[in-house]
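One structure is given below, encoded as structure tokens.
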Amino acid sequence: MTVFKPLKSKWLFVPELYAQPFREIGVKIENPRPELLVFEEEKKKVKKLLPDSPFVVVAPGARWETKRYPVERFLQVALTLKGYGLEVVVVGGKGEEEIGKFLKKEAGVTELCGKLSLRESLAVISLSLGIISNDSAVLHMGRAVKVPVLAIF
């Protein structure tokens, strides 16, 4: 069973922290949210690899082991999403290929770990309904292309 619960502390938004010193010296910054553009040609290229129906991106990797949600729990997440009729696309680097293969075998996900460039990963994320990720680069990529993000800490 997967349990979701909200944080009970005030949310720390890192770009706001970075913007504050500039505001203090008079630089007007209205929205410090990161933004990355994804080109149509990039989306067209990755669409060939993606399910035809709505999908959620799952990113089980993280540089530090202490930031990784257990793979068995990501399996539960994938199965739950599929139970709601959503497809699951797993992204990550070469270091996550084994996790991706496990999730493909056990949950029938579309597995793209180690197969995409950063820009291609960004295009996949931009086409998704949202992402579920550890505290990793993928989390920030999702924010930068303005898709809903569920972060696991």
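Computed from label points 7 Å out along Cα-Cβ, the spacing between L36 and K82 is 2.8 nm. Projecting the Cα positions of G92, S136, I25 onto the charge dipole of the chain (unit charges on Cβ atoms of Lys, Arg, Asp and Glu, taken about the Cα centre) puts I25 furthest along the positive direction. Quick one: which of K43/K94; K45/K94; K43/K67; K28/K67; K67/K104 span more than 25 angstrom between C-alpha atoms? Going by Cα-Cα distance, K43/K67; K28/K67 fall outside the 25 Å limit.
Between V88 and V56, T110, the built amide H atoms are under 5 Å apart, and every one of these is 5 or more places off in sequence or on another chain.
Accessible surface area normalised per residue over the chain is 65 Å², counting heavy atoms of protein chains with a 1.4 Å rolling probe. Coupling constants for the range 53-69 follow from the phi torsions by the Karplus curve (6.51 cos²θ - 1.76 cosθ + 1.60, θ = phi - 60°), and in residue order they are 9, x, 9, 10, 8, 10, 10, x, x, 6, 4, 9, 3, 5, 9, 9, 5 Hz; glycine and proline get x. With R₀ set to 35 Å, the beta-carbon distance separating R119 from I25 gives a calculated FRET efficiency near 0.55. As a length-normalised measure over Cα pairs under 8 Å and 6 or more apart, the relative contact order of the range 89-152 settles at 26 percent. Think of the range 41-153 as a dipole: +1 on every Lys or Arg Cβ, -1 on every Asp or Glu Cβ, centred on the Cα centre; then among A107, L122, T66, L122 lies furthest on the positive end. Taking 41 Å as R0, compute the FRET efficiency from the Cβ-Cβ separation of E16 and E106 and round it to 0.05. Here the calculated transfer efficiency is 0.55. Students often get this wrong: which residues of the range 124-141 have the backbone nitrogen under 13 Å from the point 7 angstrom along Cα-to-C-beta of K45? Only 124 pass the distance filter. Across the chain, Cα pairs under 8 Å and at least six residues apart give a relative contact order of 26 percent.
The values are calculated or read from the model by the stated rules, or taken from the named source; none is laboratory data. Bear in mind the structure is a predicted one, so any value in this text is a computation, not a measurement. Virtual Cβ from ideal backbone geometry, glycine too; neighbours counted across all protein chains shown. Ligands, DNA and RNA are excluded from the accessible area calculation, which covers all protein heavy atoms including side chains. Shrake-Rupley method; radii C 1.70, N 1.55, O 1.52, S 1.80 Å.
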